[in-house]
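To start, the structure itself, in structure tokens.
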Amino acid sequence: MSALFRIDNLHARPVADDEADSPSEILRGVDLVIAPGEVHAIMGPNGCGKSTLASTLLASPEYEVTEGRIVFRDEDITDWSTDVRAKAGMFLAFQYPQEIAGVSVIQFLRQALSARKGVDLSVLELRLAAMDWMKRLGMDSSFVDRYLNEGFSGGEKKRNEIMQMAILEPEFAVLDETDSGLDIDALRIVAKGIREVRTDRPSLGILLITHYQRLLDELRPDHVHIMVDGRIVRSGGMEVAAELEKNGYEAYRD
Ligand SMILES: Nc1ncnc2c1ncn2[C@@H]1O[C@H](COP(=O)(O)OP(=O)(O)OP(=O)(O)O)[C@@H](O)[C@H]1O
Ligand SMILES: [Mg+2]
């Protein structure tokens, strides 16, 4: 089966403030192949480069690719902007600004959907779909009229992300620490939400960054990777996460 998403020998570093400066690489040769429908989890110690990878996949202007490439559905997207990636079907939860003054959840979804699909869903249809997902994710339907992330609790933000993912219908999603700050019930609800999105879209590929076994127990990823120092140093199945839970990262450090 051809890959949905592929990362070949990816190197990236922060963009320097002044030209004389050349910051060292944070990503130092990441390889990853994700087939349609697969969930891949990346785990790794603080500071190993997980969020940098997520930001680089999002084409954040904060980082530059110095070597290697990113391939999405057989196209080299290394030079594509965030917008073009989103339109092509990549979902990057945090591409959406933390707070946008004066834009409600529903208004934002409408814009994002129109950018993604080039169609304008009627406000009513969208409202119903959003309210349905809010309910499925255990949130009050009145959230659709709240301003985006303004005063949202950590757990509400994460659920809102999953709701966006459900409605934008991406082909490939990157979720960075979807479980951080969730209470145990919320974690289950969010995991259930992700499973439902997968059921609706069986070909959706997901790259999931997490520190905890718990979300993995709920989502049963197909592959678990360990990243240390900007490289993937181990890949396997759920046994990798179990080992990690037991022994920590010690064995992987130089
Ligand atoms: N823009 C930047 N400028 C300078 N250093 C950076 C920049 N972005 C990231 N770094 C550094 O690169 C390293 C990797 O950071 P990153 O946020 O990718 O780690 P992470 O694996 O997501 O960690 P965590 O588990 O704590 O979320 C860290 O040492 C961080 O300080
Ligand atoms: Mg991080």
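The values are calculated or read from the model by the stated rules, or taken from the named source; none is laboratory data. Here the structure is a predicted model, which is why all the values come from computation and not from measurement. Neighbour counts are summed over all protein chains in view; Cβ atoms, including those assigned to glycine, are modelled from backbone coordinates with ideal geometry.
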Next item on the list: Would you check if ALA3 is over 30 Å from PHE108 (Cα atoms), more than 16 Å from ligand 1 (Cβ to nearest atom) and of a type in the set (Gly, Ala, Ser)?
Entry: yes
Next item on the list: Could you check GLY248 against (1) in contact (Cβ under 8 Å) with a residue 12 or more places away in the chain; (2) within 16 Å of ligand 1 (Cβ to nearest atom) and say which number it fails?
Entry: (1)
Check: So, of the residues in the range 205-224 that are farther than 11 Å from VAL39 by Cα and touching a strand residue (DSSP E or B) at 6+ places or on another chain (Cβ under 8 Å), which turns out to be surrounded by the fewest Cβ atoms within 10 Å (Cβ to Cβ)?
Finding: HIS211
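Out of everything in the range 235-250 that is assigned to a helix (DSSP H, G or I) and surrounded by 12 or more Cβ atoms within 10 Å (Cβ to Cβ), what residue ends up being modelled with the lowest pLDDT?
Kept after step one, since they are assigned to a helix (DSSP H, G or I), are these residues of the range 235-250: 238-247, 250.
Then keep just the ones that are surrounded by 12 or more Cβ atoms within 10 Å (Cβ to Cβ); that gives 238, 240-245.
Values: MET238: 95, VAL240: 95, ALA241: 94, ALA242: 92, GLU243: 91, LEU244: 91, GLU245: 88.
Filtering first and then ranking leaves GLU245.
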Next item on the list: With the checklist (1) over 18 Å from the mean Cα position of the chain (by Cα); (2) surrounded by fewer than 19 Cβ atoms within 10 Å (Cβ to Cβ); (3) on the phi < 0 side of the Ramachandran plot in hand, flag the one item ARG201 doesn't pass.
Entry: (1)
Note to self: Being among the polar types (S, T, N, Q) and assigned to a helix (DSSP H, G or I) is the filter here; which residues of the range 1-58 pass it?
What the structure shows: SER51, THR52, SER55, THR56
Next item on the list: Name the one entry in PHE108, PHE143 that is more than 23 Å from THR199 (Cα to Cα), modelled with pLDDT of 85 or more, more than 21 Å from the chain's Cα centre (by Cα) and buried (at least 18 other Cβ atoms within 10 Å of the Cβ).
Entry: PHE143
Item checked: Pair list, Cβ under 8 Å, 6 or more apart: the range 168-187 residue on the phi < 0 side of the Ramachandran plot, other residue assigned to a loop (DSSP other than H, G, I, E, B) and within 16 Å of ligand 1 (Cβ to nearest atom) -> VAL174/LEU58; THR178/THR210; ASP179/THR210; ASP179/HIS211; ASP179/TYR212; SER180/HIS211; LEU187/ASP179
Note to self: Out of ILE232, ILE206, ILE162, I need the residue that is assigned to a helix (DSSP H, G or I) and not small (Gly, Ala, Ser). Which one?
What the structure shows: ILE162
Check: Out of curiosity, is ASP185 away from ligand 1 (no atom under 16 Å from the Cβ) and either touching a Leu at 6+ places or on another chain (Cβ under 9 Å) or over 15 Å from MET90 (Cβ atoms) (or both)?
Finding: yes
Notebook entry, point to check: Given GLY44, GLY102, which one is in contact with a His (Cβ under 9 Å, 6 or more places away or on another chain) and more than 25 Å from GLU196 (Cβ to Cβ)?
Noted result: GLY44
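Given the criteria of a type in the set (Lys, Arg), away from ligand 1 (no atom under 16 Å from the Cβ) and at pLDDT 90 or above, does ARG195 qualify?
Working: of a type in the set (Lys, Arg): yes; away from ligand 1 (no atom under 16 Å from the Cβ): yes; at pLDDT 90 or above: yes.
So ARG195 fits the description; yes.
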